1. So is S96 hydroxyl-bearing (S, T, Y), at pLDDT below 80, closer than 30 Å to V236 by Cα and not in a strand (DSSP E or B) or not?
2. If you take the residues of region 216-273 that are more than 18 Å from the chain's Cα centre (by Cα) and without any contact (Cβ under 8 Å) to a residue 24 or more places away in the chain, which of them is surrounded by the most Cβ atoms within 10 Å (Cβ to Cβ)?
3. When you go through A187, A200, A177, A192 one by one, which is the residue that is touching a Leu at 6+ places or on another chain (Cβ under 7 Å) and either surrounded by fewer than 18 Cβ atoms within 10 Å (Cβ to Cβ) or modelled with pLDDT of 95 or more (or both)?
4. Of all residues in region 8-48 being of a type in the set (S, T, Y) and in contact with a Lys or Arg (Cβ under 8 Å, 6 or more places away or on another chain), which is modelled with the lowest pLDDT?
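The values are calculated or read from the model by the stated rules, or taken from the named source; none is laboratory data. Keep in mind that what you see is a predicted model, and the values were worked out from it rather than measured. Quick reminder, even Gly has a Cβ in these numbers, built from the backbone with ideal geometry, and neighbours come from all protein chains shown.
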Amino acid sequence: MDKRERAELFRLRVREVMRREGVSRSALARSASADRSTIGQLLNSEDPRLPNAHLAAEIAAALGVSCDWLLGLTDRPERPGDLLAAAMQMTGAGRSAADAQILSWYREAAGYKVRHVPATLPDLLKTEAHLAWEYHDIIGNTPEQAATVARDMEALLLEAQSDHEIALPLHEVESLAAGTGYYATLAPDQRAAQLAHMAALCQRHYPRLRLFLFDRRKLYSAPLTVFGPLLAVLHVGRVHLAFRSADRVRALTEHFDTLVREAAVDARHAADYLRGLAAI
């Protein structure tokens, strides 16, 4: 792009924002600390000119857009800080899927595939007894809310609104079966019932629901959820890190797909594997 082309693009983009926002030449001149005649020269279609760096920055700030966009260096008008804020958000996180923010993301992704790596067992696959055991010390109605959400998510499967792929470390279900670690205080009959429930759901809803078990010794994943092509969320304790930029969503989707490809137990065999653990 030569200087004249860049000057013409600058003029057109400034005028576009002024028209959209209802900003007059006088108002822009005041906000940019420039003479009205200087602004007039920049907006002159007969002989468009480029401002110096200081004035270009002041005009961009006054219009709330990126200076790089006005100069044709990017196709995104947002300022760098605004662009980053739009690409990644940090929100508070609840303990369970009853978190209102997660529910809104699931609704937003209706019709898309949802890929999920849970921190423990996914709430979608938990029995109500398991949910009550897991959340009974949390203030409020979280166990009841979590149970309702789990049933609502199962209803989404029945309504064929979204496909769900879940990748879970193999040791998580083995620890559940053995009653070790996190599951040490869960009664044996509840552990067996939980495994049987998971197996039944995996069989009933396959292939719309697919559970893959990966070997944590070979692969690692932080808890995350990818909502189709729209959004990818890392679950970090008390906060969610939500990414909407296409490259980050794509990168986390590719990470999840690696867990699926390298799974020790494929979704086709997950139900049988869980029944085998329940029988031990």
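1. Working: hydroxyl-bearing (S, T, Y): yes; at pLDDT below 80: yes; closer than 30 Å to V236 by Cα: yes; not in a strand (DSSP E or B): yes.
So S96 passes the test.
2. Looking at the filtered set, the residue picked out is H269.
3. A177
4. S45
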